[in-house]
């Protein structure tokens, strides 16, 4: 057999096969459509993760998220979180005045408990723990409130129950308020019942307060 015949019989001599590579053996990155689809999926996941991180993924209801929007700091919003789903509305008063008690952030929420009637929950953030502590006795000065109890709970947080005289002829002679804070943090809050015949007794208000403490 001649050399020309041998070359023809053995196929091309440049090392490139004329046989097409089976589609099933092609690497995935050689498939343009699959590459485009994969890129879209990755981008969508990145956007979703970014949204959840940027929005805090609070796990609150729509109402809770709406109430959270009233807060300007994460610290105070996180402190108030156990309450936000049950609050009817939370707002930042345009002119808080005395009600802010020197706080740098003040949010006022309203609610109606099943056994408590109308309630107000005020959340405050101060410039320092020292500034927060200076404001603890304000109800005694401005409202002539009577100290009912002053205790510690949780990890060293303070809980104070105040009482002021109710309207004449009301079922309960006193209207109660509960102050609490977080140890080592410049935040505090106060749960206040509303004067009048529907004002709850101390036990009912305290039960409502405990229902909204972190578990």
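Please give the direction-averaged projected area of the C-alpha convex hull for segment 96-215, in square nanometres with one decimal. Orientation-averaged projected area of the Cα hull: 7.2 nm².
Of the Cα atoms belonging to segment 55-122, the radius of gyration and Dmax stand at 12.1, 34 Å. Peptide packing for 150-160, 177-187, 197-207, 132-142 was compared via the average number of neighbouring C-beta atoms within 10 Å per residue; ordered from the highest value, the list is 177-187, 197-207, 132-142, 150-160.
Under the simplified labelling scheme, the residue 63-residue 129 pair shows an inter-label distance of 3.5 nm, with each label point 7 Å from Cα along Cα→Cβ. Between residue 153 and residue 75, the FRET efficiency estimated from the beta carbon spacing at R0 = 25 angstrom works out to 0.80.
Taking the Cα centroid of segment 86-109 and of segment 62-80, what is the distance between the two, rounded to the nearest whole Å? What the calculation gives is 12 Å, centre to centre.
Between residue 210 and residue 195, the modelled labels are 3.0 nm apart [label points 7 Å from Cα along Cα→Cβ].
Every number here is computed from the coordinates shown, using simple stated rules; none is lab data. Note that the structure is a prediction, hence the values are computed from the model and not measured. For neighbour counting, all protein chains shown are included, and Cβ atoms are generated from backbone atoms with ideal geometry for every residue, glycine included.
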